[in-house]
1. If you scan region 212-227, which residues turn out to be hydrophobic (A, V, I, L, M, F, W, C), touching a residue at least 12 places away in the same chain (Cβ under 8 Å) and surrounded by fewer than 18 Cβ atoms within 10 Å (Cβ to Cβ)?
2. Look through region 26-42, keep the residues that are among the acidic types (Asp, Glu) and open to solvent by 80 Å² or more (accessible area, probe 1.4 Å), and return whichever of them is nearest to Gly247 (Cα to Cα).
3. Restricting attention to region 165-179, does a residue exist that is of a type in the set (Phe, Trp, Tyr) and modelled with pLDDT under 75?
4. Name every residue in region 43-73 that is buried (at least 17 other Cβ atoms within 10 Å of the Cβ) and either acidic (Asp, Glu) or not in a helix (DSSP H, G or I) (or both), in order of residue number.
5. Kindly indicate the residue of region 234-247 that is crowded, with 17+ Cβ neighbours inside 10 Å and touching a residue at least 60 places away in the same chain (Cβ under 8 Å) and also farthest from Pro217 (Cα to Cα) among those meeting that condition.
6. Is one or more of the residues making up region 160-179 in contact with a Gly (Cβ under 6 Å, 6 or more places away or on another chain) and either on the phi < 0 side of the Ramachandran plot or open to solvent by 30 Å² or more (accessible area, probe 1.4 Å) (or both)?
7. Would region 5-25 turn up any residue that is open to solvent by less than 30 Å² (accessible area, probe 1.4 Å) and touching a Lys or Arg at 6+ places or on another chain (Cβ under 8 Å)?
Amino acid sequence: MDVSLLLEYGWVLAVLVVLEGLLAADNALVLAIMVKHLPEDKRKKALFYGLMGAFVFRLGSLFLISFLVDVWQVQAIGALYLLYISINHIVKKILGSRNKTDEAADSTPKKPKKQSGFWMTVFKVEVADIAFAVDSILAAVALAVALPPSGLPPIGGLDGGQFIVIFLGGFIGLVIMRFAASYFVKLLHSRPGLEVAAFVIVGWVGVKLAVITLAHPSLGVLDEHFPENKIWKFGFYIVLITIAVCGWFLSSKVPEKEDENPVEELEKQAGL
């Protein structure tokens, strides 16, 4: 690889690591909440199974998608899925904020929900892992698939360099979920707008995958070389950076309350 190619691959990997970090923090917090009702020893076991499941499902998703990545129908489904989870999450976030306000105004006591047992909780965690794995790998594929050929031997339907970038992004996401999630959770807690920005980026990545789909030779809606066009690539990353910057500056910093420490709570749940 020449220097310019290394820089382009390195830039995509850096973007992927930041996106994976935000998604992994959201995933880790969801898993911690899912197992919160269990006794401490069982809670740690459930999270351990969850982490192992995350690794297996991400690796499985990567190898499966690597063989199907050049099928335009798979690309189209992936693009629609990324757009769906982006819009769905943002809408739920907005509606969730309204519901919290309504609940705060409603003083009627509510009956506690019946909690799942250990193995049912583990099952739910594994199902969540599958969804997280698909989200993560699809976002990584959409970012990496338009990279120029690296010259490395292909793996499945992917260029070897693209496969390595996607694998590293997914692996780093797992490391973040296990060891650095508390930092990202704290960041998301102090600047909640970043979570919305992360899912807007996921939607924008879905647009990129849609462009790749439309440029597929079997469809020919766009020129097949359009996804490699430097102006499109530059514009894509300018919009991506703009979303991230807007998410940072438009998200008002929330002061941490003395009795509310999400980082400590997450560490306690995960036994970190």
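1. Hits for region 212-227 are Leu219, Phe226.
2. Keep residues of region 26-42 that are among the acidic types (Asp, Glu), which gives 26, 40-41.
Pick out the ones that are also open to solvent by 80 Å² or more (accessible area, probe 1.4 Å) and you get 40-41.
On the way: Glu40: 36, Asp41: 38 Å.
Checking each candidate, the answer is Glu40.
3. Step one: list which residues in region 165-179 are of a type in the set (Phe, Trp, Tyr), which gives 167, 171, 179.
Filter once more, so that each one left must be modelled with pLDDT under 75: 179.
Within region 165-179 (the criterion being of a type in the set (Phe, Trp, Tyr) and modelled with pLDDT under 75), the answer is yes, since at least one residue qualifies.
4. Of everything in region 43-73, just one residue is buried (at least 17 other Cβ atoms within 10 Å of the Cβ) and either acidic (Asp, Glu) or not in a helix (DSSP H, G or I) (or both), namely Val69.
5. Out of the qualifying residues, it is Ala244.
6. At the first step, the residues of region 160-179 found to be in contact with a Gly (Cβ under 6 Å, 6 or more places away or on another chain) are 176.
With either on the phi < 0 side of the Ramachandran plot or open to solvent by 30 Å² or more (accessible area, probe 1.4 Å) (or both) added as a condition, the list becomes 176.
Within region 160-179, one or more residues are in contact with a Gly (Cβ under 6 Å, 6 or more places away or on another chain) and either on the phi < 0 side of the Ramachandran plot or open to solvent by 30 Å² or more (accessible area, probe 1.4 Å) (or both).
7. No, that holds for no residue.
The values are calculated or read from the model by the stated rules, or taken from the named source; none is laboratory data. Here the structure is a predicted model, which is why all the values come from computation and not from measurement. Cβ sites come from the backbone with ideal geometry, for glycine too, and all protein chains shown count toward neighbours. Heads up: the accessible areas ignore ligands, DNA and RNA and are worked out on the full protein's heavy atoms, side chains in. Shrake-Rupley method; radii C 1.70, N 1.55, O 1.52, S 1.80 Å.
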